[in-house]
Amino acid sequence: MSAVTLSPARPASPALGMRLRRFVERVRWTPAPRFEGSPARRLAYVGYLVGSMVAWVLVGLGVSALLGALLS
């Protein structure tokens, strides 16, 4: 049997790189919330700020752990 006659086992999905690119573009161009307006908008701003701080701390810890593992 030739490889040309075989059908793919699963349908082709968008490549991981393309999905990652779409996610990065969405994050890059989505405006950040502002601390003005209704209490709901202020709460969204606080959530965005706290989430951003937690994400950057986790990235820093991950990079530190990776460097520590590489150096020891």
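Laid out as a table, the results:
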| quantity | calculated |
| --- | --- |
| Which listed residue is loosely packed, with under 10 Cβ neighbours inside 10 Å, assigned to a helix (DSSP H, G or I) and modelled with pLDDT of 90 or more, from Ala40, Ala55 | Ala40 |
| Scan of segment 28-37 for residues that are in contact (Cβ under 8 Å) with a residue 12 or more places away in the chain and part of a helix (DSSP H, G or I), ordered by number | none |
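The values are calculated or read from the model by the stated rules, or taken from the named source; none is laboratory data. All values derive from a computational prediction rather than experimental measurement. Positions of Cβ are backbone-derived with ideal geometry, glycine not excepted, and every protein chain shown enters the neighbour counts.
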